[in-house]
Amino acid sequence: MKCRIGCGACCIAPSISSPLPGMPEGKPAGVRCVHLSADNRCGLFASPERPDVCERFSATPELCGDNRGQALARLARLESETG
Ligand code: SF4
Ligand code: SF4
């Protein structure tokens with residue numbers, strides 16, 4: 001599937017262990033990435049500073065569901081299951 005522009009659930013629900021510009025300890029689960037814009041787009045999208053984990057993440061129906069609310073719930077559940 002194609003990523004829903006303006007969703008941003010995967011930039012909020014999961015934790016990111018690698019450092020990000022402005023988030024040197026990484027991103028805790030459930031916390032909005034500082035690079036997620038008000039319209040839920042990645043401010044580092046074309047930057048070499050975008051973490052590898054963000055580059056690798058791709059939209060799937062299992063994770064992203066049918067809408068943003070489903071994606072937030074599924075990604076939060078996955079985070080709590082995998083720690
Ligand atoms: S959760 Fe899925 S649809 Fe939403 S921004 Fe991330 S990859 Fe795109
Ligand atoms: S760097 Fe971009 S893709 Fe990665 S979590 Fe932040 S806003 Fe999302």
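Values in this text are rule-based calculations from the coordinates and carry no lab data. Not measured: the values here are computed from a predicted model. Ideal geometry is used to build each Cβ from the backbone, glycine not excepted, and the neighbour counts take in all protein chains shown.
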Please enumerate the residues belonging to the stretch 50-83 that are within 13 Å of ligand 2 (Cβ to nearest atom) and among the β-branched types (Val, Ile, Thr). Val53
From (1) on the phi > 0 side of the Ramachandran plot; (2) touching a Lys or Arg at 6+ places or on another chain (Cβ under 8 Å), pick out the condition that doesn't hold for Cys33. (1)
Name the residue that is nearest to Ala71 (Cα to Cα), counting only residues in the stretch 32-49 that are of a type in the set (A, V, I, L, M) and within 10 Å of ligand 2 (Cβ to nearest atom). Leu36
Unmet criterion (only one of (1) in a loop (DSSP other than H, G, I, E, B); (2) within 16 Å of Ala71 (Cα to Cα)) for Cys10: (1)
Please name all residue pairs, on different chains or six or more residues apart, with Cβ atoms under 6 Å, provided the first residue is in the stretch 19-40 and is under 14 Å from Val53 (Cβ atoms) and more than 13 Å from ligand 1 (Cβ to nearest atom) and the second residue is of a type in the set (Val, Ile, Thr) and part of a loop (DSSP other than H, G, I, E, B). Met23/Val34
Give all pairs with beta carbons closer than 7 Å in which a residue from the stretch 47-65 that is in contact (Cβ under 8 Å) with a residue 24 or more places away in the chain meets a residue that is of a type in the set (A, V, I, L, M) and near ligand 1 (Cβ under 10 Å from one of its atoms); count only pairs at least 6 apart in sequence or on separate chains. Ala59/Met1; Thr60/Met1; Pro61/Met1; Leu63/Ala71; Leu63/Leu75; Cys64/Met1; Cys64/Ala71
